[in-house]
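Asker: Before I ask anything, here is the structure I am working with.
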Amino acid sequence: MFWYEEEVKSLERKVKSALTVPPKVVFYGSSSIRLWDTLAQDFPDITTLNLGFGGSTLSACAWYFERIVVPAQPSALIFYAGDNDLGNERHPEEVYLFFCTLLEKLRLHFPSIPFTFISIKPSPARWYMIDRIRFTNDLIAKELTQLPHNHYLDVYSPMLSANGLPRKELFAPDGLHLSPEGYQVWQKVLIQANTRIFNHSINSSGIIK
């Protein structure tokens, strides 16, 4: 894990500087989180703290949990990682075990805060391993449905077109990271699933207020 050290040290400094602000919703995970630079505008009614680090795997996020997340003392945790593990030829069962390790640490330090796992996205660049992505998502979703305060957030489905392929406008030119439109989809799905966290209400037509 040594190749993450410099970025992790930078995040540790970021956490220290953020300790003076009110309880915060921490966004943690890989570059899909790190590159979400509109969090403050997308969720103006809460205090957000972005603790994503580029290229990180789910295993790395579990490894660094005590150093990055625990000192931040989150009021809620929103998490995305896993596709880099699969891209590194890890099997879905391995990624699931990495997730279980992270979940154990979460239960130990923050047993009652809301936790949201954002499903692994169906990116064009990794469409070749879409069966492994689906299987990993299924394993994690089944685990989370058994636990209170835990949510599996399905962004996989709304990121597909009617023909079942990734909506290209939701992705950056590299076919892996999100475009601004992609983050808008994540924002909407997050708010709809976590209205209590984000201080929003939704009417019968599904419109966020």
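The values are calculated or read from the model by the stated rules, or taken from the named source; none is laboratory data. Computed from a prediction, not measured in an experiment: that's the story for all the values here. For neighbour counting, all protein chains shown are included, and Cβ atoms are generated from backbone atoms with ideal geometry for every residue, glycine included. For accessibility, only protein heavy atoms count, side chains too; no ligands or nucleic acids. Shrake-Rupley method; radii C 1.70, N 1.55, O 1.52, S 1.80 Å.
Asker: Test of understanding: express the Cα radius of gyration of the chain as a ratio to 2.2 N^0.38 Å, with N the residue count. Provide the component values of the computation, followed by the final result.
Answerer: Values: Rg = 16.2 Å, N = 209, 2.2 N^0.38 = 16.8 Å.
With N residues counted in the chain, Rg over 2.2 N^0.38 Å equals 0.97.
Asker: Ignoring ligands, DNA and RNA, what percent of the accessible area of the chain is carbon or sulfur (1.4 Å)?
Answerer: Values: 5440 of 9940 Å².
Within the chain, the accessible surface is 55 percent carbon and sulfur.
Asker: Ok, one more. Got a sec to turn the phi values of the stretch 148-159 into Karplus ³J(HN,Hα) couplings, 6.51 cos²θ - 1.76 cosθ + 1.60 with θ = phi - 60°, whole Hz, x for Gly and Pro?
Answerer: Ordered by residue, 3J(HN,Hα) equals x, 6, 10, 9, 9, 9, 7, 9, 4, 5, x, 8 Hz.
Asker: Now, a different point. Which three semi-axes in whole Å describe the equivalent ellipsoid of the stretch 43-161, each the square root of 5 times a Cα gyration tensor eigenvalue, listed largest first? Walk me through the numbers before you get to the answer.
Answerer: Values: eigenvalues 104, 50, 43 Å².
Working from the Cα gyration tensor, I get semi-axes of 23, 16, 15 Å.
Asker: May I pose another question? Kindly provide the helix-only [θ] at 222 nm of the chain, computed as the sum of -39,500 (n - 2.57) over DSSP H runs of four or more divided by all residues, to the nearest 500 deg cm²/dmol?
Answerer: On the way: 10 runs with 88 residues, N = 209.
That calculation yields -12000 deg cm²/dmol at 222 nm.
Asker: Something else about it: Largest first, what is the accessible-area ranking of 69, 185 with a 1.4 Å probe?
Answerer: Details: 69 0, 185 25 Å².
My answer, sorted largest first, is 185, 69.
Asker: May I pose another question? When the convex hull of the Cα atoms of the stretch 7-101 is projected onto a plane and the area is averaged over all directions, what value comes out in nm²? The partial results should precede the final answer.
Answerer: Numbers: hull surface 23.7 nm².
Computing the convex hull of the Cα atoms and averaging its projections yields 5.9 nm².
Asker: Now for a separate question. Counting only heavy atoms of protein chains, what accessible area per residue, in Å², does the chain have with a probe of 1.4 Å? Walk me through the intermediate numbers first.
Answerer: On the way: 9940 Å² over 209 residues.
Ligands and nucleic acids excluded, the figure is 48 Å² per residue.
Asker: Which GluC sites (Glu not before Pro) in the stretch 88-184 sit in a loop by DSSP (not H, G, I, E or B) and have at most 11 other Cβ atoms within 10 Å of their own Cβ?
Answerer: Numbers: sites: 89, 93, 94, 104, 143, 169, 181; in loops: 89.
Sparse-neighbourhood loop GluC sites (Glu not before Pro): 89.
Asker: Sticking with this structure for a sec: For the stretch 89-154, rounded, prolate or oblate, judged on the Cα gyration tensor with a ≥ b ≥ c (square roots of eigenvalues), a/c < 1.5 rounded, else prolate if a/b > b/c?
Answerer: Details: a/c = 2.53, a/b = 1.88, b/c = 1.34.
Cα axes put the stretch 89-154 in the prolate bin.
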